[in-house]
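Below is one structure, written out as structure tokens; comments come after it.
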There are 2 protein chains.
Amino acid sequence: MNREALLQRLIAICGSANVLVDDADTAPYLKERRGRWTGKTMAVVRPGTTAEVSQILKLASETGTPVVPQGGNTGLVGGQIPDSSGRAIVLSTSRLNRIRDLDTAGDTITVEAGVVLQTIRETVDRHDRLFPLSLAAQGTSQIGGNLSSNAGGTGALTYGVARDLCLGLEVVLPTGEILDDLNRLKKDNTGYNLRNLFIGAEGTLGVITAAVLKLFPKPAGVATAVAGTSSPEKAHELFRRARQAAGPTLSAFELMPRIGVEFTTLHIAGARDPLAHPHPWYVLLEISSGRSEADARTLLETVLGDGLQTGTVEDAAIADSGQQRNDFWRLREGMSESQIPEGGSIKHDISVPVDRIPAFMADAEKAVLAITPEARIVAFGHLGDGNLHYNISQPAGAGKQTFLSLADRITPAIHDLARRFGGSISAEHGVGQMKRDELAATKSPVALELMRRIKRALDPVGIMNPGKVILSD
Amino acid sequence: MNREALLQRLIAICGSANVLVDDADTAPYLKERRGRWTGKTMAVVRPGTTAEVSQILKLASETGTPVVPQGGNTGLVGGQIPDSSGRAIVLSTSRLNRIRDLDTAGDTITVEAGVVLQTIRETVDRHDRLFPLSLAAQGTSQIGGNLSSNAGGTGALTYGVARDLCLGLEVVLPTGEILDDLNRLKKDNTGYNLRNLFIGAEGTLGVITAAVLKLFPKPAGVATAVAGTSSPEKAHELFRRARQAAGPTLSAFELMPRIGVEFTTLHIAGARDPLAHPHPWYVLLEISSGRSEADARTLLETVLGDGLQTGTVEDAAIADSGQQRNDFWRLREGMSESQIPEGGSIKHDISVPVDRIPAFMADAEKAVLAITPEARIVAFGHLGDGNLHYNISQPAGAGKQTFLSLADRITPAIHDLARRFGGSISAEHGVGQMKRDELAATKSPVALELMRRIKRALDPVGIMNPGKVILSD
């Protein structure tokens, strides 16, 4: 089928207003927000219903047309951007934006793929419920993309990653078949677990069109603190003790280096130094209580008091107001952005077993400084999950391009270390096009072969997001 | 290859002591403990290493020999029992019983498939850790079977089912290939989630030979209570309030009917009536605290006090000692067994969305009593997970076989209702051979077809536990 005929068929399915072909219209869908990946497309289609998605994929299968699903276009590994051939269509989920059902009695919400994460959080908050998936891009990212990339974020410590927060899915398969598995059950052992294949598959096995998400009671109170400490070892020790005392009510535990706090206070409006004196490392920790804010605070005071007494903590401040709490979080959430004015940055999204974080950091620092002694390491993130954003800012005043060209040496060094520590080179951002070849070179051949068998079984024509995650052959 | 040659090859792999062929030796592996399913086998093989499992499956693939994996033989749906053809070999995981690693710093344990669940629980308990999977058969069941059947149990409310407690797997594929995914990471987004395919697949896609399991800090204190209440509605209301107050520290919430308490106190040694007066329904609930037992108790008292005040609870007792706590649990855990002396019993393992439990129970009671007005309904279980063991004991003094023959009408009625309420006909026990045909008749055709495609992709020769869960063609 030629291009014109295909476009006519797409228009017949979605309406001409929802088949974008002009460069001005398609441009926002073809560029990753940092400009790292760009692509070309035959058309951006914006189906408004699951039935339309089904017709599009059926047509794509019949014509061998590649389909690149895209949500809020906030992915960090290029999974949502087509290649430069111009053969693919981009399937935007933006118009699949209905909240189909909010079940406060059953503590579930059923949403279409294009609903923005922040909208879900705010909607359930008005009903005293919590949807705990929380990440920097939540004002733009869509739940379909969050699930396709198995997003992590700051709430994962207590509540798990996106995978753990999903009870059921509706998925359109490459053939156009609709898998209706909008399960609201906590327990269901009737056959293979299909849901978890599509979660984290980055759109290479089908298009997630709707999901049932788990809700939780909104905690009666949350207490938030920043603690200053001398080393990652001490921070990890504090984590162990806090988790022992608070169990699953320890709802955040984020590590930040002094240099990150400096960057943030310097460059992010409203961010300020959290403690009277500087400390080499900081921890942002939070305890949630079903009882009251006072209860959460009492436990947090106990944890920090114990930390001060045992020398794990050098100083600490508990937020006295919502404002102060937001200030603490702004420090953490602005950290990646605050690196921009500091010049070039080489970033990583690694995880290792939690207890190996300190040893990994020591070795990683040595490896980086051996390559570029003046580099500024801004390693921060979800210590409680063993997940660090191991970012490296260029030496102050040095050339940006010269530094960025070192990524060819720095990234393999960091990733090799992560693997040596039994870790992952993509803890929460996924593979996309960025890490596909590295994955192929380093993952076990048996695992890769299994992935390929599954890909072929579900997408025999190979139309779904080709070139992402794995190559079929 | 003829039978003799095949046996010689198996002996060459495992040693003659571990290839059982005599009826006396194989009998324990060929009969489900209640006598509901029996089968025949060419041989029971007991490999001692993953490499031996690999060689066995490779041989089975080459010769088209069916393989039935078996752990502790406690499964309730016949998944572990071969058919009557005598062509299959039973692969017992009993000798794969090493604890490979206990990582108290990283809170993981790496165990082989044949390690008994109770052994894992006791081992980590000695290190002040909790492995929360807990079920009646834990003294016999093996972790490989627990994972293959995605076991649930009483700890699922806070900690999740077996699937949620597993970080990594080692699996031997039907081809003999070994998938080494013994991941210890909380976050890893490097490609398709293979682990969750094997968990819950009941041995139809490969043999789980080892697993990395998540450990948790042992709670500093646990408070346990039994509350009497007037109806499932009230019990559900108590659950809502308890969960609001205790959040994830509400670690058990089990429903029991008066008749079940009567059966248990009558037939189970040491079981006694928990409250001064009888109540139509009982709830066994538990709160865990990272702080202290007093803290757990205080919160439990608040929850129960609130329940008494609002009329949700009629009476309640908090366990004052470990002995009393055990007594409360004995009531719940003896309930299924206590039905045996009462005659025939027709059992179900259904789940529905938690808030629909009361409505389901009302309709199910009507449906059952319409078929057999004198039946005694003993519906109990994991209310907090929406999972009931909807068991029905025969009318007192009636004929056992006459009653059991009603299963043809009662079970479809219960299962139809579960489906109508958006529920599952197998919440935690799996499909096995018991529910295979019903699954084929009632699950969505797209889901079934996807399952078949996956089965064919991973097990093209069809040697893995044939006839269980789904038929390949």
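Those residues that are within 19 Å of the chain's Cα centre (by Cα) and at the interface with chain B (Cβ under 10 Å from one of its Cβ atoms), I need them from segment A:452-469; list them, please.
A:Val469
Among the residues of segment A:103-137, what is the count of those that are away from chain B (no Cβ under 14 Å), open to solvent by less than 20 Å² (accessible area, probe 1.4 Å) and assigned to a strand (DSSP E or B)?
2
This table checks each residue for (1) within 21 Å of B:Gly168 (Cβ to Cβ); (2) of a type in the set (Gly, Ala, Ser).
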site	(1), (2)
A:Ile350	yes, no
A:Pro353	yes, no
A:Ile357	yes, no
A:Phe360	yes, no
A:His382	yes, no
A:Gly386	yes, yes
A:Thr402	no, no
A:Leu406	no, no
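For segment A:381-397, which positions are out of contact with any Ser or Thr (no Cβ under 8 Å at 6 or more places or on another chain) and either crowded, with 17+ Cβ neighbours inside 10 Å or within 14 Å of chain B (Cβ to nearest Cβ) (or both)?
A:Gly381, A:Leu383, A:Gly384, A:Tyr390
Between residues in segment B:143-170 that are aromatic (Phe, Trp, Tyr) and residues that are at pLDDT 95 or above, which pairs lie under 6 Å by C-beta distance while being six or more apart or on different chains?
Close Cβ pairs (under 6 Å, with a partner that is at pLDDT 95 or above) amount to B:Tyr159/B:Pro132.
So, in segment A:269-290, of the ones that are small (Gly, Ala, Ser) and within 14 Å of chain B (Cβ to nearest Cβ), which residue ends up surrounded by the most Cβ atoms within 10 Å (Cβ to Cβ)?
Top of the filtered list is A:Ser288.
Here is a list of conditions, (1) assigned to a loop (DSSP other than H, G, I, E, B); (2) within 30 Å of B:Asn97 (Cα to Cα), and B:Leu275 meets all of them except one; can you say which number that is?
Condition not satisfied by B:Leu275: (2).
If you check B:His236 against the conditions, is it open to solvent by 40 Å² or more (accessible area, probe 1.4 Å) and under 24 Å from the mean Cα position of the chain (by Cα)?
Considered against the rule, which asks whether it is open to solvent by 40 Å² or more (accessible area, probe 1.4 Å) and under 24 Å from the mean Cα position of the chain (by Cα), B:His236 comes out as no.
Test A:Thr140 against the stated conditions and say whether it is closer than 18 Å to A:Gly430 by Cβ and open to solvent by 40 Å² or more (accessible area, probe 1.4 Å).
yes
Quick check on this structure: which one of B:Gly78, B:Gly72 is of a type in the set (Gly, Ala, Ser) and either on the phi > 0 side of the Ramachandran plot or surrounded by fewer than 17 Cβ atoms within 10 Å (Cβ to Cβ) (or both)?
Step by step, each of B:Gly78, B:Gly72 is checked, and only B:Gly78 is of a type in the set (Gly, Ala, Ser) and either on the phi > 0 side of the Ramachandran plot or surrounded by fewer than 17 Cβ atoms within 10 Å (Cβ to Cβ) (or both).
Can you say whether B:Ala151 is among the small types (Gly, Ala, Ser) and modelled with pLDDT of 95 or more, as far as the supplied structure shows?
yes
Among (1) open to solvent by 10 Å² or more (accessible area, probe 1.4 Å); (2) within 15 Å of A:Pro232 (Cβ to Cβ); (3) in contact with a Leu (Cβ under 9 Å, 6 or more places away or on another chain); (4) assigned by TED's automatic domain parsing to the domain that holds A:His415, there is one condition A:Ala375 misses while meeting the rest; what is its number?
Here A:Ala375 clears every test but (2).
Could you tell me how many of the residues in segment A:193-203 are assigned to a loop (DSSP other than H, G, I, E, B) and either more than 18 Å from A:Leu147 (Cβ to Cβ) or free of Cβ contacts under 8 Å to residues at least 60 places away in the same chain (or both)?
Within segment A:193-203, residues that are assigned to a loop (DSSP other than H, G, I, E, B) and either more than 18 Å from A:Leu147 (Cβ to Cβ) or free of Cβ contacts under 8 Å to residues at least 60 places away in the same chain (or both) number 3.
Which one of these is within 21 Å of B:Leu284 (Cβ to Cβ), open to solvent by 50 Å² or more (accessible area, probe 1.4 Å) and either touching a helix residue (DSSP H, G or I) at 6+ places or on another chain (Cβ under 9 Å) or at pLDDT 95 or above (or both): B:Lys366, B:Lys347?
Exactly one residue qualifies, and that residue is B:Lys347.
Take the residues in segment B:428-451 that are touching a helix residue (DSSP H, G or I) at 6+ places or on another chain (Cβ under 9 Å) and more than 7 Å from every other protein chain (Cβ to nearest Cβ); name whichever of them is nearest to B:Leu133 (Cα to Cα).
B:Lys435
Output the residue which, of all residues in segment B:302-316 that are open to solvent by 20 Å² or more (accessible area, probe 1.4 Å) and within 12 Å of chain A (Cβ to nearest Cβ), is farthest from B:Asn326 (Cα to Cα).
B:Asp306
Specify which of the listed residues (A:Thr154, A:Thr175, A:Thr190, A:Thr224) is more than 7 Å from every other protein chain (Cβ to nearest Cβ), over 19 Å from A:Gly75 (Cα atoms) and in a loop (DSSP other than H, G, I, E, B).
The conditions single out A:Thr175.
Looking at the structure I just gave you, is A:Thr93 in contact with a helix residue (DSSP H, G or I) (Cβ under 8 Å, 6 or more places away or on another chain), touching a residue at least 24 places away in the same chain (Cβ under 8 Å), under 21 Å from A:Ile143 (Cα atoms) and open to solvent by less than 20 Å² (accessible area, probe 1.4 Å)?
yes
I'd like the residue in segment B:197-218 that is within 8 Å of chain A (Cβ to nearest Cβ) and buried (at least 23 other Cβ atoms within 10 Å of the Cβ) and, out of all such residues, is nearest to the chain's Cα centre (by Cα).
Applying the filter and picking the extreme gives B:Gly200.
Among the residues of segment B:243-260 satisfying the criterion of being more than 9 Å from every other protein chain (Cβ to nearest Cβ) and assigned to a helix (DSSP H, G or I), which is least open to solvent (accessible area, probe 1.4 Å)?
Once the filter is applied, the top-ranked residue is B:Gly260.
May I ask you to verify whether B:Leu266 is part of a helix (DSSP H, G or I), away from chain A (no Cβ under 14 Å), modelled with pLDDT of 95 or more and surrounded by fewer than 24 Cβ atoms within 10 Å (Cβ to Cβ)?
Yes.
So B:Asp355 fits all but one of (1) within 14 Å of chain A (Cβ to nearest Cβ); (2) out of contact with any helix residue (DSSP H, G or I) (no Cβ under 9 Å at 6 or more places or on another chain); (3) acidic (Asp, Glu); what number is the exception?
Failed condition: (2).
Kindly list the number of the only condition in (1) buried (at least 16 other Cβ atoms within 10 Å of the Cβ); (2) modelled with pLDDT under 95 that fails for A:Asp473.
Checking A:Asp473 against (1) buried (at least 16 other Cβ atoms within 10 Å of the Cβ); (2) modelled with pLDDT under 95, the one that fails is (1).
The values are calculated or read from the model by the stated rules, or taken from the named source; none is laboratory data. Being a predicted model, the structure only gives us computed values, none of them experimental. Backbone-built Cβ (ideal geometry, glycine too); neighbour counts: all protein chains shown. Just the protein is used for accessible areas: all its heavy atoms, side chains included, with ligands, DNA and RNA removed. Shrake-Rupley method; radii C 1.70, N 1.55, O 1.52, S 1.80 Å.
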